[in-house]
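This report refers to the structure that appears directly beneath it.
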Amino acid sequence: MLTTGFQSALRLIYPPRCTICGCQVDSDFGLCGPCWRDTPFVTGLCCDTCGVQLPGQAAGPAEFCDDCLVTARPWKSGRAVVLYRDNGRKLALALKHGDRQDIVRPASVWMARAAQPLLTSGMLIVPIPLHWTRLLKRRFNQAALLAQAVSKEVALPYCPDVLIRPTPTPTLGGLGRDARHQTMDGKISVHKGRNAVIADRDVLLIDDVMTSGATLSAATQACHAAGAANVSILVLARAGKGA
Ligand SMILES: [Zn+2]
Ligand SMILES: [Zn+2]
């Protein structure tokens, strides 16, 4: 009773807002009608490896986008919540650069829903790491915030420090697919003390945005080198040709 009363009082003082435009909405987390309509959520058939939307209905066997047919992905399956354009891009950029950590909660609910076909019992949820110098500059790792919140939603264990970036990597913006893969090759490793945690375990790697997949590939290879079983990936937004 006390909690309910307290929550009602809070809602009076801080009425729930649309995550994108800030207008008042009914639910505690989410988007208003127009923003929802203008957000390119992935629905129906998607590429089984990267989660990009595909034409047609989800009914038959797994299908793959052109990108994933051209570039072999080391992970097993993947899903994305939105395409990286319009409001999808706005959400991802606001989370990364705009200190909008309120996006984490709705994003994690959407991501948990998209991840359902990937989840296995005891699966370990692991964020893509930042190099510590970038973490210091930005003060938070958006992938870790998302991973932690997704792990709560799906009730699976979260381990924030399985993966590390021992050396700083240049920003990949402006680089082509091959250059991105070359830049990231071998740049992510499993923390020495975490080998036992990951061995023979299914892993769900989480990042905010997938573009070429170079970072997720490097992370997947590090997990496999440490003896992980199946590795899948989950991102908030999928950028690239298909978007
Ligand atoms: Zn809105
Ligand atoms: Zn794909």
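Inside segment 147-232, counting only helices (runs of 4 or more DSSP H) that do not spill past its ends, which hold 3 or more residues that are within 26 Å of GLN116 (Cβ to Cβ) and free of Cβ contacts under 8 Å to residues at least 12 places away in the same chain?
Those helices (runs of 4 or more DSSP H) do not exist here; none qualify.
Step by step: first the residues of segment 15-34, then only those that are over 22 Å from ALA112 (Cβ atoms) and assigned to a loop (DSSP other than H, G, I, E, B), then the one that is nearest to ligand 2 (Cβ to nearest atom). Which residue is that?
Filtering segment 15-34 for residues that are over 22 Å from ALA112 (Cβ atoms) and assigned to a loop (DSSP other than H, G, I, E, B), the one nearest to ligand 2 (Cβ to nearest atom) comes out as CYS21.
Applying the selection to segment 40-54, what residues are open to solvent by less than 30 Å² (accessible area, probe 1.4 Å), out of contact with any Asp or Glu (no Cβ under 7 Å at 6 or more places or on another chain) and of a type outside the set (Val, Ile, Thr)?
Of everything in segment 40-54, those that are open to solvent by less than 30 Å² (accessible area, probe 1.4 Å), out of contact with any Asp or Glu (no Cβ under 7 Å at 6 or more places or on another chain) and of a type outside the set (Val, Ile, Thr) turn out to be CYS46, GLY51.
Looking only at residues in segment 172-186 that are farther than 21 Å from VAL126 by Cα and open to solvent by 80 Å² or more (accessible area, probe 1.4 Å), which one is modelled with the lowest pLDDT?
GLY174
What residue, among those in segment 24-37 that are surrounded by 14 or more Cβ atoms within 10 Å (Cβ to Cβ) and at pLDDT 80 or above, is nearest to the chain's Cα centre (by Cα)?
Here the answer is GLY30.
Looking only at segment 187-243, filter to residues that are among the charged types (D, E, K, R) and at pLDDT 95 or above; which one of those is surrounded by the fewest Cβ atoms within 10 Å (Cβ to Cβ)?
Applying the filter and picking the extreme gives ASP200.
Tell me, which helices (runs of 4 or more DSSP H) lie completely within segment 35-134 with 2 or more residues that are away from ligand 1 (no atom under 16 Å from the Cβ) and β-branched (Val, Ile, Thr)?
It comes to 104-115.
Looking at LEU119, LEU91, LEU95, LEU124 in this structure, which one is farther than 23 Å from SER217 by Cβ and touching a strand residue (DSSP E or B) at 6+ places or on another chain (Cβ under 8 Å)? Talk me through it step by step, then tell me what you get.
On the way: LEU119 fails: farther than 23 Å from SER217 by Cβ; LEU95 fails: farther than 23 Å from SER217 by Cβ; LEU124 fails: farther than 23 Å from SER217 by Cβ.
Going through LEU119, LEU91, LEU95, LEU124 in turn, just one is farther than 23 Å from SER217 by Cβ and touching a strand residue (DSSP E or B) at 6+ places or on another chain (Cβ under 8 Å): LEU91.
The values are calculated or read from the model by the stated rules, or taken from the named source; none is laboratory data. Note that the coordinates shown come from a computational prediction; the quantities given were computed from them, not determined experimentally. Please note: Cβ atoms are built from the backbone with ideal geometry, for glycine as well, and neighbour counts cover all protein chains shown. All accessible areas refer to the heavy atoms of the entire protein, side chains included, with ligands and DNA or RNA removed. Shrake-Rupley method; radii C 1.70, N 1.55, O 1.52, S 1.80 Å.
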